[in-house]
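The values are calculated or read from the model by the stated rules, or taken from the named source; none is laboratory data. Since this is a predicted model, take the numbers as computed values, not measurements. Cβ: placed from backbone, ideal geometry, glycine included. Neighbour counts: every protein chain shown. Quick note on the areas: whole protein, heavy atoms, side chains included, nothing else; ligands and nucleic acids left out. Shrake-Rupley method; radii C 1.70, N 1.55, O 1.52, S 1.80 Å.
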Amino acid sequence: VLRSVIQLMHNRYEGRGRATLIATNLSLALVLSTIVWAAVGGALSGAVTGANGAAIAGARVIAVSVAQGLQTKTSTDAKGAYRFPALAVGQYDVKVEAPGYKPSVHKIVIHVDDKARLDIVLEPESNE
């Protein structure tokens, strides 16, 4: 389909200069890639709190694609909230680390157009 559209654009802009054709093709490719990405991804958000319910600011949150091994990282804000606005479809291990708390790993599956939520409660490190 993309090849047909590019050929149509080439025929339409023939004689108008190679720079115009290249700019048009690049614009078209950008628009199509944006549409395709929107159709195959989803978002993940949530909050990280302690066992007492208090928000944990500055926690490190890492979404690891099980299939590809790719890591996407973020940190929680002052309210303990985190967000991954664009993750590819698939299964993820979500790892959370914060000073003074035990590391935590949770599994989640992201589907097309998902707006998944995963709230995480961290247990304090023991003082033994």
**Q.** Scan of the stretch 108-120 for residues that are outside any loop (DSSP other than H, G, I, E, B) and either farther than 13 Å from V61 by Cα or among the polar types (S, T, N, Q) (or both), ordered by number
**A.** I108, V109, I110, K115, A116, R117
Q: Collect the residues in the stretch 71-104 that are free of Cβ contacts under 8 Å to residues at least 12 places away in the same chain and under 11 Å from the mean Cα position of the chain (by Cα), keeping them in residue-number order.
A: Q71
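Any chance you could count how many residues in the stretch 90-107 are in a strand (DSSP E or B) and open to solvent by less than 30 Å² (accessible area, probe 1.4 Å)?
Filtering the stretch 90-107 for residues in a strand (DSSP E or B) gives 90-97, 101, 104-107.
Checking which are open to solvent by less than 30 Å² (accessible area, probe 1.4 Å) leaves us with 90, 92, 94, 96, 104.
Result for the stretch 90-107: 5.
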**Q.** Candidate set from the stretch 70-89 (those that are under 20 Å from H111 (Cβ atoms) and not in a strand (DSSP E or B)); member that is least open to solvent (accessible area, probe 1.4 Å)
**A.** V89
Q: Could you please let me know if K115 is of a type in the set (D, E, K, R), over 14 Å from the mean Cα position of the chain (by Cα) and open to solvent by 60 Å² or more (accessible area, probe 1.4 Å)?
A: no
Q) For the stretch 44-69, how many residues are outside any strand (DSSP E or B) and either aliphatic (A, V, I, L, M) or closer than 26 Å to S126 by Cα (or both)? A) 10
Q: Go through (1) open to solvent by less than 50 Å² (accessible area, probe 1.4 Å); (2) touching a strand residue (DSSP E or B) at 6+ places or on another chain (Cβ under 9 Å); (3) modelled with pLDDT of 95 or more; (4) not charged (D, E, K, R) one by one and return the number of the condition G41 breaks.
A: (3)
Q) How many residues are in contact with a strand residue (DSSP E or B) (Cβ under 6 Å, 6 or more places away or on another chain) and open to solvent by 50 Å² or more (accessible area, probe 1.4 Å) if we restrict to the stretch 59-69? A) 3
